[in-house]
Amino acid sequence: MHLVAKVFDLEISEDEVLNESKKLIGQESSMALAHALNRVIDRYLLLHQALQAGFGVTEDEFDSALLETLEDIEEAPQDDEQTRLMENRIRQRIVIRKYVEQVISHDYLIADEQLLAFYQDQEEVFFAPEAVRASHILFRLDEPEAESKARALRARIHTADDFINVCPNHSQCPSGARCGDLGWFPRGRMIKEIEDTAFALEPGQISEVFKTRYGYHILLVTDRKTRQRVPFEEIKDSLKARLIQLEKEFFLVRHVTDLRRDNQKQIQIFDPRFCL
């Protein structure tokens, strides 16, 4: 193992820094390597504080985290050494998480007046985009004579009520059980052909038959919303939660900065390749 740095008595290997750098843009550049090392150093400063504070890991906590890790990784450890390293990283993450939760666990008071001022100052952010609500009837591509069946059915549909009446018995999409309802969607969230068709219609209008990669569709637009500002009362609670989360993140950044300042002599870097 090539030793790159040390934080107190915690050793940082080259492999660990290189693995961290894979998460960064330009992962092999000197700047990315230095940034990766700094991230690992910050993590080990938190780990040292957590261990000093007496945080540990129960077997249930470890087993649960191990299962989550095994579900997420693309390749399982290939030998005992890789297994040991993975298990150590899992235990470290749990201990650090517990410490961080304690560090940031205090009351963050944000008055409604502050929320309202932020809402008014960032007016353009709080707009809901134009959206439509639509229902469809689908004949799948693997259905024999799908297109001709779709066109024959479309000829029988003259009103929205006609559409709703025939949809459950003819649509081959699971949405047919709820009269083909696709829910609300803004631009950019739906299959392009459905989106283009839906936004070209007004509520109550029914499309002609059109094709997507899934099959042949008949579309009914049931409602439409113009771009509009989200009322403050609707967004107040989620906005408050987001601002509190940002406060916690800023607090943690300041805490790590303080740890670096107070423990400079306990941080040793041995490989100049990882320094800016």
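The values are calculated or read from the model by the stated rules, or taken from the named source; none is laboratory data. Please read all numbers here as calculations on a predicted model, not as lab measurements. Please note: Cβ atoms are built from the backbone with ideal geometry, for glycine as well, and neighbour counts cover all protein chains shown.
Within the range 77-90, if we keep just the residues that are loosely packed, with under 10 Cβ neighbours inside 10 Å and assigned to a loop (DSSP other than H, G, I, E, B), the residue that is modelled with the highest pLDDT turns out to be Asp79. Got at least one residue in the range 204-221 being without any contact (Cβ under 8 Å) to a residue 24 or more places away in the chain and either surrounded by 17 or more Cβ atoms within 10 Å (Cβ to Cβ) or not assigned by TED's automatic domain parsing to the domain that holds His136 (or both)? Scanning the range 204-221 turns up at least one residue that is without any contact (Cβ under 8 Å) to a residue 24 or more places away in the chain and either surrounded by 17 or more Cβ atoms within 10 Å (Cβ to Cβ) or not assigned by TED's automatic domain parsing to the domain that holds His136 (or both). Whether any residue in the range 66-73 is at negative phi and touching a Lys or Arg at 6+ places or on another chain (Cβ under 8 Å) is what I want to check. There is no residue in the range 66-73 that is at negative phi and touching a Lys or Arg at 6+ places or on another chain (Cβ under 8 Å). Which is free of Cβ contacts under 8 Å to residues at least 40 places away in the same chain, more than 26 Å from the chain's Cα centre (by Cα) and under 22 Å from Leu10 (Cβ atoms), of Glu113, Glu101, Glu81, Glu59? None of the others qualify; the one that does is Glu81. Restricting to the range 53-62, name every residue that is surrounded by 11 or more Cβ atoms within 10 Å (Cβ to Cβ) and either of a type in the set (D, E, K, R) or part of a loop (DSSP other than H, G, I, E, B) (or both). Selection gives Ala53, Phe55, Gly56, Val57, Glu61.
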